[in-house]
Amino acid sequence: MKKIIKKISNIPNDKLLHFFWGTVLSFVFILILGIKGVFLTFLIAFAKEFYDWYTKKGTPEIMDVIFTITPAVMFIIINQI
């Protein structure tokens, strides 16, 4: 258990925020649109990183996209069980 806690505590706050907002967006979009809401989460994750790249206001990172869409993928997996 200590190893898991240590690994989680090493995740940067930025990535945890992406995971949090990915969870919120996925939940709301799936609640409203059903499984199609997952694709909207994907779109928003990529659009946000494109915005960071285009405006130079942030650093676009593929890991940000991955942490944002992970909750949506988890919802898909749980829905299939």
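Values quoted throughout were computed directly from the atomic coordinates according to the rules given, and no laboratory measurement underlies them. All of these numbers come straight from a predicted model, not from anything done at the bench. Cβ coordinates were reconstructed from backbone atoms using ideal geometry, including for glycine residues, and neighbour counts include every protein chain displayed.
Ordering of 5-12, 50-57, 63-70 by packing is 63-70, 50-57, 5-12, highest average first (other Cβ atoms within 10 Å, averaged per residue). Charged side chains reduced to their Cβ positions (Lys and Arg at +1, Asp and Glu at -1) give region 35-81 a dipole of some 140 debye around its Cα centre. Its relative contact order, with pairs defined as Cα atoms under 8 Å and 6+ residues apart, puts region 35-81 at 43 percent. Straight-distance candidates among the lysines for linking to residue 2, with alpha-carbon spacing under 23 Å and chain neighbours fewer than 8 residues away dropped: 15.
Within the listed set 22, 37, 58, the residue fluctuating most in the Gaussian network model of the chain (springs between alpha-carbon atoms under 10 angstrom) is 58. A simple spin-label model places pseudo-atoms 7 Å from Cα toward Cβ; at residue 15 and residue 32 they are separated by 3.0 nm. Taking the charge dipole of the chain about its Cα centre, with +1 at Lys and Arg Cβ atoms and -1 at Asp and Glu Cβ atoms, the residue from 45, 58, 20 reaching farthest to the positive side is 20. The list (i) 0.95; (ii) 1.03; (iii) 0.92 gives values of Rg/Rh (Cα atoms, Kirkwood Rh), and only one came from this structure; which label was calculated from it? Identified label for the calculated read-out: (ii).
Treat every Asp and Glu Cβ in the chain as -1 and every Lys and Arg Cβ as +1, leave all other atoms uncharged, and give the resulting dipole magnitude about the Cα centre to the nearest 20 debye.
The dipole magnitude comes to about 320 debye.
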